[in-house]
Amino acid sequence: MTSIDRDRLTALVERERAAYAAAHPRSRELFEQATHLFGRVPMTWMAKWAGSFPMYLDSATGNRVTDVDGHTYVDFALGDTGAMAGHSPKPTVDAVTTRMGALGGITTMLPTADAEWVGAELTRRFGLPLWSFTLTATDANRWAIRLARLATGRPKILTFAYCYHGSVDEAFAVPGPDGTAVPREGNVGAPVPIHETTRVGEFNDLAAVERELAHGDVAAILTEPALTNMGIVLPEPGFLEGLRELATRYGALLMIDETHTISTGPGGATAAWGLQPDIFVIGKSIGGGIPSGAYGISHEVARLITSHPDADLVDVGGVGGTLAGNALSVAAMRATLESVLTDEAFVDMVELATEFTRGVQQAIDTHDVPWSVTQLGARAEFRFASPAPVNGTQSRAAADDGLEEYLHLYLANRGVLITPFHNMALMCPETQRADVDLHTRLFDAAVRELVGSEPV
Ligand SMILES: Cc1ncc(COP(=O)(O)O)c(C=O)c1O
């Protein structure tokens with residue numbers, strides 16, 4: 001295995017930072033002028049992009065983004081799945097333009113006929129029979145967690161170390177030395193000590209799940225079918241079946257969040273792997289970029305919820321939001337699911353991700369670096385560990401800020417974006433083989449320079 005020379009890495013990062021700064025004077029100017037924004041950006045995580053300031057968006061279409069300095073990029077970040085349908089897909093733009101303009105009525109508090117179509121389509125894809133809409137996946141998780149508590153009469157959620165389900169208080173937990181939940185580092189403003197709301201285990205560890213469920217206070221196991229927010233961590237054979245079985249045995253609900261893992265296929269991992277969640281959550285991609293999200297529940301969960309006549313489900317009981325399910329959001333979901341993220345579109349997207357993964361693996365092998373690459377349908381991600389991590393804590397330990405910054409900047413300086421959070425690349429219906437080949441060439445060149453001996 002080739003070990004990474006950290007001095008060489010530092011020199012390469014400095015070279016790439018200088019090139020980035022020189023190529024983005026207008027972005028830098030806008031960033032420096034942004035004195036009325038907390039952290040100088042509209043949302044603090046936008047500071048996560050490599051370089052000492054983010055590039056500013058001018059325009060985007062399909063899988064191309066153009067910045068205000070006039071550079072156009074092949075975009076594999078795709079809004080961290082928010083733009084998995086591609087940027088401004090025509091059917092979605094047409095539907096929202098019609099709703100906003102010709103028809104009018106972006107938010108009226110009245111249902112539209114599109115909603116039932118979307119509900120039926122979500123049932124076709126994911127199996128759950130009854131749906132409610134939200135504007136974000138975070139909200140879908142938050143509201144569904146409340147319903148899970150109501151349905152079971154239990155207080156806690158069981159999650160996995162280094163999971164991410166949006167800004168959901170219950171999910172920022174890692175196991176402490178005795179297995180009790182402790183807050184993940186950096187957790188901001190927790191309302192109560194996390195062990196009061198959460199039980200936690202490691203992904204792929206059924207013994208830990210059973211140990212935590214045995215306390216009898218878990219309303220729901222909340223998980224992605226494969227972790228995607230600390231690199232991709234795939235489930236080992238039998239793990240997801242084990243979760244289903246343990247949830248049933250210990251009277252907890254199984255809540256599957258497919259906000260990212262919809263990359264697995266048109267019905268997510270739930271359809272591809274035959275999962276049987278009691279509650280299902282999705283957001284981001286299904287509105288083609290317009291704020292949208294949804295949660296689905298089984299008939300049994302619906303029965304348990306409605307067996308509480310005192311629970312206020314229509315006003316201020318703690319589930320729902322004024323703009324959730326608005327006509328614009330629902331029109332966007334319908335158009336995106338009907339005409340953009342179709343079953344057929346996934347075929348090419350997955351094929352391209354396979355090719356992307358092959359290219360990265362080839363560079364890893366050629367240069368003998370101790371890294372791995374993992375594919376999940378239309379998504380792929382490389383990680384600075386080999387073999388690939390099998391749980392969140394292992395995957396967290398494989399993070400390397402220096403390597404990330406180098407690779408992200410190397411690619412961006414040559415016209416390719418991957419997600420600013422770790423090393424994820426996603427295909428959309430507009431992604432072409434030539435785009436993947438460009439990444440393959442650049443990734444190989446970046447690693448070649450990293451392990452090489454030519455002067456930087
Ligand atoms: C699995 C999962 N669930 C939920 C969310 C939250 O999505 P949003 O930020 O759109 O609310 C994310 C965001 O990355 C996610 O990865």
Completion exercise
Zone reached by a paramagnetic label modelled 7 Å from residue 343 Cα along Cα→Cβ, restricted to region 277-298 with backbone N below 20 Å, covers 286
Exercise for the section: With the Cα gyration tensor of region 299-370 in hand, give its eigenvalues times 5 under a square root as the equivalent ellipsoid semi-axes, listed largest first in whole angstrom. Expected result: 45, 20, 13
Fill in the blank from the handout: With only helices counted (DSSP H, runs n ≥ 4, each -39500 (n - 2.57)), the per-residue ellipticity at 222 nm for the chain, to the nearest 500, works out to -11500 deg cm²/dmol
Problem - Span from the region 106-120 Cα centroid across to the region 292-334 one, whole angstrom - result: 12 Å
Practice task
Compute the Rg/Rh shape ratio of the chain: radius of gyration over Kirkwood radius, all on alpha-carbon atoms.
Solution key: 0.97
Problem - Model label zone, residue 38; criterion: amide N under 12 Å from point 7 Å along Cα-to-beta-carbon; scope region 129-146 - result: none
Practice task
Skip the ligands, DNA and RNA, and give the accessible area per residue of the chain with a 1.4 Å probe, whole Å².
Solution key: 42 Å²
Completion exercise
Along region 444-456, Karplus-curve 3J(HN,Hα) (6.51, -1.76, 1.60; θ = phi - 60°) to the nearest Hz, with x for Gly and Pro, reads 4, 5, 5, 6, 4, 5, 5, 9, x, 10, 4, x, 6
Exercise for the section: Please work out how much accessible surface residue 297 shows to a 1.4 Å probe, ignoring ligands, DNA and RNA, in Å² rounded to 10. Expected result: 20 Å²
Problem - Degrees between helix 343-367 axis and first principal axis of the chain (Cα, 0 to 90, nearest 10) - result: 40 degrees
Practice task
Put one equal scatterer on each alpha carbon of region 64-158, apply the Debye formula with no solvent term, and list log10 I(q)/I(0) at q = 0.15, 0.16, 0.24, 0.26 1/Å to two decimals.
Solution key: -0.92, -1.00, -1.34, -1.36
Problem - Under the Debye formula (equal points on every Cα, no solvent term), log10 I(q)/I(0) of region 1-100 at q = 0.11, 0.24 Å⁻¹ - result: -0.47, -1.25
Problem - Relative packing of 37-43, 114-120, which averages over residues the other C-beta atoms within 10 Å, highest first - result: 114-120, 37-43
Problem - Potential extension, residue 354-residue 180 segment - 0.36 nm per residue separation minus Cα distance - result: 58.7 nm
Practice task
Please identify which residues in region 131-162 have an amide N closer than 14 Å to a label point set 7 Å out from the Cα of residue 396, following the Cα→Cβ vector.
Solution key: 159-162
Practice task
Just grab the label-to-label distance for residue 322 and residue 307, each label 7 Å out from Cα along the Cβ direction, in nm (one decimal).
Solution key: 3.6 nm
Practice task
May I ask you to compute the full-extension gain from residue 196 to residue 108, defined as 0.36 nm times their residue separation minus their alpha-carbon distance, rounded to one decimal in nm?
Solution key: 27.8 nm
Handout entry: Reachable lysines from residue 48, criterion Cα separation under 26 angstrom, eight or more residues apart if same chain
Key = 284
Problem - Computed E for residue 368/residue 207 - FRET, C-beta separation, R0 41 angstrom, nearest 0.05 - result: 0.70
Exercise for the section: Quick one: check the C-alpha center-to-center distance for region 146-170 versus region 19-71, whole angstrom. Expected result: 35 Å
Problem - DSSP-defined antiparallel bridges as percent of all bridges, the chain, nearest 5 - result: 65 percent
Practice task
Output the peptides 95-104, 379-388 sorted from most to least packed, where packing is the average of other Cβ atoms within 10 Å over each peptide's residues.
Solution key: 379-388, 95-104
Handout entry: Eligible aspartates and glutamates near residue 90 by straight Cα distance, threshold 16 Å, same-chain separation 8 or greater
Key = 338, 430
Handout entry: Highest average packing first - 364-375, 407-418, Cβ atoms within 10 Å
Key = 407-418, 364-375
Exercise for the section: With label points built 7 Å along Cα→Cβ from the Cα atoms of residue 6 and residue 29, find their separation and express it in nm. Expected result: 3.9 nm
Completion exercise
SASA check, residue 273, accessible area w/ 1.4 Å probe, all protein chains in place, rounded to nearest 10 Å², comes out at 100 Å²
Practice task
On the full set of protein chains, 1.4 Å probe, figure out the accessible area of residue 236 and give it in Å² to the nearest 10.
Solution key: 80 Å²
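The values are calculated or read from the model by the stated rules, or taken from the named source; none is laboratory data. Every value quoted in this text rests on a predicted model; they were computed, and no experiment measured them. Glycine gets a Cβ as well: all are built from the backbone with ideal geometry, and neighbour counts include every protein chain shown. Just so you know, the surface numbers come from the protein's heavy atoms only, side chains and all, with ligands and any DNA or RNA stripped out. Shrake-Rupley method; radii C 1.70, N 1.55, O 1.52, S 1.80 Å.
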